[in-house]
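Colleague: Input: one structure, supplied below.
The values are calculated or read from the model by the stated rules, or taken from the named source; none is laboratory data. Remember, predicted model here, so these are calculated numbers, not experimental data. No Cβ is skipped: glycine too gets one built from the backbone with ideal geometry, and neighbour counts run over all protein chains shown. SASA here: full protein model, heavy atoms, side chains in, ligands and nucleic acids out. Shrake-Rupley method; radii C 1.70, N 1.55, O 1.52, S 1.80 Å.
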Amino acid sequence: MEENFYAEIMENLSFYGKEPKPDKAVEKLAAEIRKELEETMELYAEDHPEEFDLDEILRFDDALLEELVDRVAYVNILEKVIAGDYKASKIPAEDVERAYLNVIDTMFELSKSISPLAGFGKDRLDAGCELLASFAGIYWPLETIITSDNIEAFEDYIPGEYYDDVVMGRKHAIGALRHIEGDVCAAGAIVYTIYEASEYEPRSITVNHIQVYEGMRGQGIGNSLMGRLAGLAAQQEETLIFVDVPIRQYENEKERDEEAVLENFLDGWGFSFAPVISADFAIKPSECDTKKLLKFGRLDAVPLRELGDDRAGLLGEFLNDTNNHMEGHVFPFEMYDQDVSSVVIAGGRIRSVLLFRRFENGTYRCEGLRPAKNAGEDLLGLIACSLEEWSAFGDENDFVTGTFDSEEAMETVRKFIPSAHVFLKFRGVMPWPDADEVLTEEDWSRLREAIGLSDDKIPAEGLDDDSMGKEEIKLIREAVKG
């Protein structure tokens, strides 16, 4: 290990150790920046004035910097004790891990002061992400990309409805790894979906789920996972991060408390929320007026099973022809429910499909509705066919869930299945600041100086051999090892 590993990390954070000389020009510039920032935050500040008081933000940021100094100093002490030979030092893995993670967590906390996606906040975010990678290179990984090869280790943190999505690459996931009593364990996961930019929408990342092992909450694991995701978004300018929080009634106080913790966590990362109508829906077939719908008849729609031995090939051909419309990925044929999924055949080929999967808990999920162009009647036939099959194969307590991919689809379902439940939710977005609102390291340093805060307490280098003698190192080694 390089003795001044942490010194290098600190040097990369060029906003540390600066001592700009105060003069009238600097004070004027600081006042102008401060005024612009306060004006930008004015509307939101009406509801949350304590969160957007610039003096308070600067002073809280300063307290975090002091905390960072202490945590970096402790890591430097560990480096001296380890002296390049971790195994010989006999320091427990949990202690080394915790020391570095405390620094990383503070880096991520510092990145949130204004925005983690741009300016000096991004510099801090990048430093935290780089330290995660550096630690993995020196010791062991603290996180991993979840794939089909390792997903079983994280199954407690990934809901069933997302499990196969992650396996198939329709969604992505990062897992947290931590030492517990000497063993490396899965400690949490974040599941997310990437939507590439289109003609109408910028590139975005939606957080589908985040969960941390209950016995390790409050130790920065959630911060680390969100920090990695923010770092991913920050790599490509203007990538938005969304998260949806359902509006629902709580069954008990524990649920309410967990929701409050999640909301505070997301608020800390700068998500701004607004109520929206969810594109998600839930249908209970037993509540549907099946007779009314079936008066239109199934038309040409038939269950997928009736296509015979050729059905897998026919469906694969259809999905290839439609350019894998369903989120760019398609499940293996055997994952689709053969009874409730329905198709329309024309000329020996599939013209339209309505595909479902069934989960172990009895819930169905709509995986794709693809009616042919200029074949609106296909939609009614597909819905009627699937509902009729539910009455034969399903349970009265079954639910069907899905996501509308257009307003037209939403209106169609509302019209023909009025018992469908469409939910309200709070949609949060981590916004990018406008270009003229981005604060650089130099801007932030000037603002700090304007209210009397100094950067000279932040060390630019780690401890060197002259800072302590052999006897001090021996005493520290004994103290660290306990």
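Colleague: Can you name the number of the only condition in (1) modelled with pLDDT under 85; (2) assigned to a helix (DSSP H, G or I); (3) under 30 Å from Gln236 (Cβ atoms) that Leu380 fails?
Modeller: Evaluating Leu380 over (1) modelled with pLDDT under 85; (2) assigned to a helix (DSSP H, G or I); (3) under 30 Å from Gln236 (Cβ atoms) leaves (3) as the failure.
Colleague: Name the pairs: first residue in segment 364-391 and over 16 Å from Ile417 (Cβ atoms), second residue among the polar types (S, T, N, Q) and at pLDDT below 80, Cβ to Cβ under 8 Å, at least 6 apart or on different chains?
Modeller: If the second residue must be among the polar types (S, T, N, Q) and at pLDDT below 80, the pairs left are Arg370/Thr322.
Colleague: Looking only at segment 113-135, which residues are closer than 18 Å to Leu225 by Cβ and among the acidic types (Asp, Glu)?
Modeller: Across segment 113-135, the qualifying residues are Asp126, Glu130.
Colleague: Now a separate question. In segment 183-201, is there at least one residue being open to solvent by less than 60 Å² (accessible area, probe 1.4 Å) and outside any strand (DSSP E or B)?
Modeller: No.
Colleague: Hey, which of the helices (runs of 4 or more DSSP H) in segment 205-296, taking only ones fully inside, have at least 3 residues that are at pLDDT 95 or above and out of contact with any helix residue (DSSP H, G or I) (no Cβ under 8 Å at 6 or more places or on another chain)?
Modeller: Hits in segment 205-296: 221-234.
Colleague: Quick one: would you say Phe108 is over 20 Å from the mean Cα position of the chain (by Cα) and either farther than 27 Å from Phe271 by Cβ or surrounded by 15 or more Cβ atoms within 10 Å (Cβ to Cβ) (or both)?
Modeller: Criteria not met by Phe108.
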